[in-house]
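J.: Dropping the structure in here first, questions after.
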Amino acid sequence: MFRVNVASRATIAWGTLATAALAAVLAFALIPADADAGKTKKVRLMAPLKGKHTVPGPGDPDGSGKLKLAIKIKAKKKPRLCYELDVRGLGGVREAKIRKGAKDKTGPSVLRLFKVAEPVTGEGVTKGCRRVKRDVVRALRRDPSGHYAEVENTGYPQGALRGQLRRLGG
């Protein structure tokens with residue numbers, strides 16, 4: 001007759017359970033704190049630009065445009081923001097920037113897209129990319145409509161065009 005020692009079966013069962021628990025702990029320890037650390041996140045924003053939206057005003061009544069922003073966020077790198085500014089009916093564009101402020105309110109500048117010493121033509125598309133601070137990106141992601149784009153030209157140095165930012169796409 002074959003006998004199994006009950007005590008040794010219990011020891012084997014507890015040993016197997018302890019090994020499984022240790023393996024689970026080690027597996028979780030090897031997962032990075034930010035599981036998306038290797039992924040690139042993308043944020044797309046846009047702002048339709050009109051002179052009548054300039055606060056306190058007046059803005060350029062003949063100008064209009066659109067600003068598109070694409071922000072790429074990677075772990076351990078400064079986020080990269082690319083812009084495409086398309087304006088019409090403006091003369092002598094000098095500067096474009098993002099300001100913090102709700103609709104019909106003015107606010108501080110949080111990001112300069114570009115500024116030129118000699119004004120450029122007020123027609124067409126201007127593109128560029130730059131690295132930006134994470135806190136600026138965080139604010140734009142959390143509350144795009146709490147920020148606005150502003151374009152200045154020689155005739156309207158306090159703001160020729162303005163438009164509130166909003167998410168583009170899903």
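J.: Excluding ligands, DNA and RNA, what is the solvent-accessible area per residue of the range 53-121 at a probe of 1.4 Å, expressed in Å²? Intermediate results must be reported in sequence, preceding the final value.
T.: Values: 3900 Å² over 69 residues.
It amounts to 57 Å² per residue over the range 53-121.
J.: Which of the trypsin sites (Lys or Arg not before Pro) found in the range 80-170 are loop residues per DSSP with 15 or fewer other Cβ atoms within 10 Å of their Cβ?
T.: Taking the range 80-170 and a limit of 15 other Cβ atoms within 10 Å, the loop trypsin sites (Lys or Arg not before Pro) found are Lys103, Lys105, Lys133.
J.: Also, I was wondering about something else. For the range 40-107, I need the span (max minus min coordinate) of the C-alpha atoms along each principal axis, in Å, sorted largest to smallest.
T.: 43, 24, 18
J.: Let me see the P(r) profile for the range 93-144: every Cα-Cα distance counted, bins of 10 Å, each bin given as a percent of all pairs.
T.: P(r) for the range 93-144, in whole percents per bin: 19, 46, 31, 3.
J.: A follow-up question, please. Which percent of the accessible heavy-atom area of the range 49-109 goes to carbon and sulfur, probe 1.4 angstrom?
T.: Values: 1600 of 3310 Å².
The value for the range 49-109 is 48 percent carbon and sulfur by accessible area.
J.: Seen from all sides and averaged, what is the projected area of the convex hull of the Cα atoms in the range 53-170, in nm²?
T.: 7.2
The values are calculated or read from the model by the stated rules, or taken from the named source; none is laboratory data. Bear in mind the structure is a predicted one, so any value in this text is a computation, not a measurement. Cβ sites come from the backbone with ideal geometry, for glycine too, and all protein chains shown count toward neighbours. In case anyone asks, the SASA skips ligands and DNA or RNA and just uses the protein heavy atoms, side chains included. Shrake-Rupley method; radii C 1.70, N 1.55, O 1.52, S 1.80 Å.
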